[in-house]
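Rule-based calculations on the coordinates, nothing more; no lab input. Only a predicted model underlies this, so the values are computations on that prediction, with no experimental measurement involved. Cβ sites come from the backbone with ideal geometry, for glycine too, and all protein chains shown count toward neighbours.
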Amino acid sequence: MELMEGLLSRRSVRKYQDKAISKDVLEQIIKAGQYAPSAHNTQPWEFLVVEDKEALKHFRVMQRSALFAENAAAVIIVCGREDLSYSREKEHWSYIDIDCSAATENILLAAHALGLGACWCGISPMTGPISAVKEYFKLPDNVKPFSIVVLGYPADDSKQPERYNPERIHWEKW
Ligand SMILES: Cc1cc2nc3c(=O)[nH]c(=O)nc-3n(C[C@H](O)[C@H](O)[C@H](O)COP(=O)(O)O)c2cc1C
């Protein structure tokens, strides 16, 4: 799939066929995540792949808007490494979520390019889902779950409606 075509046709997909995703395809998708840009090229991310049916069912408890993960083939949890991200503790800022955001978007686009359907479900900055996911998957202290990418072969083929809005573009002045 050509890059621009993929960017403009990607949609969130929440209904999936009952079909597994091969390890090779999951690795290609995660590789795309690892090619995302990051502040100071710190690449402060880790990826947790979940295929276990009981765990997939449990997403509705950890983040209720991710309930459709129970019918997915797999979930990739994009996590940030607090110890690696570019940050200033004294000034209370960190690029961790922004970097994980870029990785998440790359994963969505790679999934689309490989014929999968995917939906980004938020974890960070919601404190409840962060704690729930951290606890359920026993993540180390320095690892913060950022997003849930729900994946499967799509069971519907709805198209992306027109979204281009020239009124939101400002040339030289507002
Ligand atoms: C930060 C973030 C959090 C999101 N969380 C959820 C979610 O919890 N559940 C869900 O079904 N979709 C979630 N989405 C997907 C959005 O609803 C979706 O991207 C939006 O409606 C636009 O549709 P599109 O992805 O098809 O272009 C999230 C998207 C982002 C970027």
Which peptide among 163-169, 131-137 comes first, and what is the full order, when sorted by highest mean count of other Cβ atoms within 10 Å? 131-137, 163-169
Working out 0.36 nm times the residue gap between E91 and K31, then minus their Cα-Cα distance, what length gain in nm do you get to one decimal? 18.4 nm
Efficiency by 1/(1 + (r/R0)^6): what FRET value for E54 and S22, r their Cβ-Cβ distance, R0 = 22 Å, to the nearest 0.05? 0.55
If the viscosity is 0.890 mPa s and the temperature 25 °C, what translational diffusion coefficient in µm²/s does Stokes-Einstein give for region 15-154 when Rh comes from Kirkwood over Cα pairs? 164
Can you give the FRET efficiency for R64 and D141, using 1/(1 + (r/R0)^6), R0 = 22 Å, r = Cβ-Cβ distance, to the nearest 0.05? 0.30
Links that overshoot a 22 Å alpha carbon limit, given the list K23/K53; K19/K57; K90/K134; K15/K53; K15/K57: K90/K134
Which of these, W45, W93, W120, has the largest mean-square fluctuation under a Gaussian network model of the chain (Cα springs below 10 Å)? W93
Two-site label geometry, L8 and M126: point separation in nm, points 7 Å out along Cα→Cβ: 3.3
